[in-house]
1. What are the residues in region 381-408 that are modelled with pLDDT under 90 and under 22 Å from PHE210 (Cβ atoms), if any?
2. For the structure I just gave you, tell me whether PRO411 is open to solvent by 20 Å² or more (accessible area, probe 1.4 Å), in contact with an Asp or Glu (Cβ under 7 Å, 6 or more places away or on another chain), modelled with pLDDT under 95 and of a type outside the set (Ser, Thr, Tyr).
3. Inspect region 219-226 for any residue being under 28 Å from ALA433 (Cβ atoms), among the charged types (D, E, K, R) and open to solvent by 60 Å² or more (accessible area, probe 1.4 Å) and give the result as yes or no.
4. Could you tell me how many of the residues in region 106-127 are within 17 Å of PHE188 (Cβ to Cβ) and outside any strand (DSSP E or B)?
5. When region 52-93 is examined, which residues are found to be in a helix (DSSP H, G or I) and open to solvent by 50 Å² or more (accessible area, probe 1.4 Å)?
6. Of all residues in region 345-365, how many are closer than 25 Å to LEU387 by Cα and surrounded by fewer than 19 Cβ atoms within 10 Å (Cβ to Cβ)?
7. Test GLY170 against the stated conditions and say whether it is at pLDDT 90 or above, within 19 Å of ARG55 (Cα to Cα) and open to solvent by 40 Å² or more (accessible area, probe 1.4 Å).
8. Of all residues in region 397-414, which are in a helix (DSSP H, G or I) and either farther than 11 Å from VAL374 by Cβ or under 15 Å from the mean Cα position of the chain (by Cα) (or both)?
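The values are calculated or read from the model by the stated rules, or taken from the named source; none is laboratory data. Bear in mind that the values here come from a model prediction, so they are computed numbers and not experimental data. All Cβ positions, glycine included, derive from the backbone under ideal geometry; neighbour counts span all protein chains shown. Just the protein is used for accessible areas: all its heavy atoms, side chains included, with ligands, DNA and RNA removed. Shrake-Rupley method; radii C 1.70, N 1.55, O 1.52, S 1.80 Å.
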Amino acid sequence: MSVSFLSATRVALLKLMSTVLLVWITLVSTAAAHETLPAIADMTKEGDQLVFDIRLNVESLLSGIDLTSFTDTNDAPQAAVYDDLRAQDPAALEAAFTDFWPTMAENIDVLVDGTPVPLTLASVSVPEVGDVDNIRTSDLQFTAALPEGADTVSVGWASEYGVLVFRQMGVDAAYTDYLEAGASTPAFSLTGGDQASGLATFIEYIPVGFDHIVPKGLDHILFVLGLFFLSTRMRPLIWQISAFTLAHTITLALAALGWVNIPGSIVEPLIALSIVYVAVENIFTDGLSRWRPAVIFGFGLLHGLGFASVLAEFGLPENSFIPALIGFNIGVEIGQLAVIAVAFLCVTKAIDNSKGGDANIPMAVAYLVAMAAVFLLMIPLSGTGLLPDLIPLIAIVAILLGLSAVSASVPRFDGYREIVAMPGSVLIAVVAAYWCVERVFL
């Protein structure tokens with residue numbers, strides 16, 4: 001194969017990759033700016049009525065955003081309406097929600113002994129405007145009259161209102177549940193006793209932890225990729241993952257127990273800075289230094305606080321705290337291992353090829369075909385609510401495949417490190433540095 005053809009191929013590949021890289025920077029830089037949060041509902045039996053206290057974001061409801069399809073309000077067609085509502089003063093927003101209440105009440109199911117009961121709005125309290133780039137959480141209270149002799153109740157609401165964390169209050173062995181969008185609780189006793197078993201709670205919280213990494217934990221994904229890019233050998237990766245896992249498990253437990261409480265305004269910029277450090281160190285070394293496991297352990301403590309902030313958004317069931325905490329942590333670990341597994345599958349052939357130092361155009365073409373196939377996944381996903389969350393992940397996989405294609409086309413020993421690992425680390429450092437500035441100053 002001619003030298004001119006190889007050169008032209010590499011130039012074309014590099015131009016393509018530069019375009020993908022710019023798109024990825026744009027995607028990950030704007031991700032999570034207006035993330036939605038689950039609603040938290042506390043139900044208490046007071047005399048002959050049920051009282052529901054719900055913490056939620058009323059702007060997303062009033063704007064008509066389908067929280068099943070979008071986890072970031074910027075991705076929704078109603079984003080401009082949401083932003084306008086987010087800037088409204090409390091009195092105006094409370095009045096708007098009061099007008100909206102009859103519509104919402106029709107989409108809330110409260111069944112007492114299998115029979116729907118009417119709901120009455122008691123109050124809605126909206127905090128001051130504050131930083132319009134941050135989600136505003138309001139407090140809603142409504143009541144439901146109980147027929148004489150009522151025994152059981154079931155609760156749920158429309159899927160477009162998103163996830164609902166439900167907690168029964170004021171009884172022993174209270175029922176709690178993490179309801180995916182559109183789900184309803186089974187009928188449970190008004191007097192308590194229907195608390196889920198430890199095993200059921202453990203299983204329930206595994207996907208919650210996984211979901212926080214894939215697809216929602218983009219900063220944690222970049223950190224794990226930074227660990228992955230250090231070396232092609234397995235031992236350095238095992239040392240780093242072990243240190244990271246031990247550390248974030250410690251602070252996740254301490255923060256969830258309430259023994260450690262550091263504001264997110266401090267933790268989040270430091271998490272971004274930890275990503276920058278790991279990525280930059282990858283550029284200047286290709287092996288595990290004596291101090292890196294200790295540094296990774298320290299960064300793991302920070303990331304554990306970040307994981308804990310997610311649990312704080314919807315809380316852990318008091319009577320099944322340990323099973324829920326362990327399940328969440330295992331879900332996080334599965335998510336991290338999934339990231340490493342996908343990254344390894346993307347680059348493994350490029351690693352093997354770089355050891356021989358030869359150009360392999362068929363391999364480069366195969367990588368390009370795989371990259372195109374990944375982009376084509378967006379077509380079937382476009383009709384679902386999954387695509388907005390998955391676009392950054394699709395871009396990451398495409399970048400890994402594209403860089404591997406460039407590496408395979410270059411006749412150079414250890415081309416993987418110079419063409420895949422180092423550019424990948426540079427990109428991670430740039431994005432994380434932007435996040436650090438954004439979280440401190442913007």
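1. Answer for region 381-408, where residues must be modelled with pLDDT under 90 and under 22 Å from PHE210 (Cβ atoms): LEU381, THR384, GLY385, LEU386, LEU387, PRO388, ASP389, LEU390, ILE391, PRO392.
2. yes
3. No.
4. 3
5. Across region 52-93, the qualifying residues are ASN74, ASP75, ALA80, VAL81, ASP83, ASP84, ALA91.
6. Result for region 345-365: 1.
7. So GLY170 fits the description; yes.
8. Of everything in region 397-414, those that are in a helix (DSSP H, G or I) and either farther than 11 Å from VAL374 by Cβ or under 15 Å from the mean Cα position of the chain (by Cα) (or both) turn out to be LEU403, SER404, ALA405, VAL406, SER407, ALA408, SER409.
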